[in-house]
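Have a look at the structure below before the remarks.
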Amino acid sequence: MNTITPQSALVYVMVVVAAADGSMHAREREAMAECTRRLPAFRGFDPDRLASTVEDCSHILQEQEGFEAVLGLVREALSEPLRETAYWLALELALSDNKVALEEIRVIETLRRALGIDKLVAAALERGARARFQVA
């Protein structure tokens with residue numbers, strides 16, 4: 001199996017969530033760009049590579065069993081702490097357009113299991129993500 005960088009793996013996670021409902025919306029693309037610019041996990045990641053990394057992941061997803069291939073690449077590339085970051089990024093992307101589609105929920109749950117995120121840790125990350133998007 002080919003390997004990818006941890007930063008590419010984090011982008012792949014955002015792509016699979018954004019694409020879960022069949023299309024990637026502008027707000028989701030903006031959220032991806034913002035995350036890659038500001039999060040410490042992306043230190044050293046060239047923001048100009050974001051579009052090509054998204055495209056690489058999209059090509060894999062279009063292949064037969066592409067989703068499973070992406071999950072394998074992500075699992076292989078991420079350390080335990082970055083797996084929690086990946087799960088949080090999945091939540092962040094799902095919430096970025098102010099609506100969470102059923103398909104996104106399914107993908108996020110599959111990611112949680114594939115990344116070995118404990119249910120209690122997942123619940124804490126989910127609550128934090130929801131709190132971030134609350135409106136007064």
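Extending each Cα 7 Å along its Cβ direction at LEU102 and ALA33, get the distance between those two points in nm, one decimal.
Here the modelled spin labels are 3.3 nm apart.
Give, as a single signed number, the net charge of other residues whose beta carbon lies under 12 Å from the beta carbon of MET14, with Lys and Arg counted +1 and Asp and Glu -1.
Charge balance in the 12 Å sphere: -4.
If Lys and Arg each add +1 and Asp and Glu each add -1, what is the summed charge of the other residues whose beta carbon sits under 12 Å from the beta carbon of GLU28?
Details: positive: ARG27, ARG29, LYS99; negative: ASP21, GLU30, GLU34, GLU92, ASP97, GLU104.
Once all neighbours under 12 Å are counted, the net charge is -3.
If the chain between ARG49 and GLU65 were fully stretched, how many nm would it gain, using 0.36 nm times the residue separation less the Cα-Cα distance?
Numbers: separation 16, 0.36 × 16 = 5.76 nm, distance 2.49 nm.
Result for the pair: 3.3 nm of gain on full extension.
If each Cα of the chain is one equal point scatterer, what is log10 of I(q)/I(0) from the Debye formula at q = 0.16, 0.17 Å⁻¹?
-0.75, -0.86
Could you work out the local net charge near ARG43, counting Lys and Arg as +1, Asp and Glu as -1, over the other residues with Cβ closer than 14 Å to its Cβ?
Residues close to ARG43 contribute a combined charge of +2.
Towards the positive end of the charge dipole of the stretch 6-132, with charges on Cβ (+1 Lys, Arg; -1 Asp, Glu), say which of VAL13, PRO40, ALA77 has the farthest Cα.
Highest projection toward the positive end goes to PRO40.
Report the charge-dipole magnitude of the chain in Debye, nearest 20, computed about the Cα centre from +1 at each Lys and Arg Cβ and -1 at each Asp and Glu Cβ.
Taking the Cα centre of the chain as origin, the dipole is about 540 debye.
No lab work stands behind these numbers, since they all come straight from the coordinates. For clarity, every value in this text was computed on a predicted model and none was experimentally measured. We place every Cβ from the backbone using ideal geometry, glycine too, and count neighbours over all the protein chains shown.
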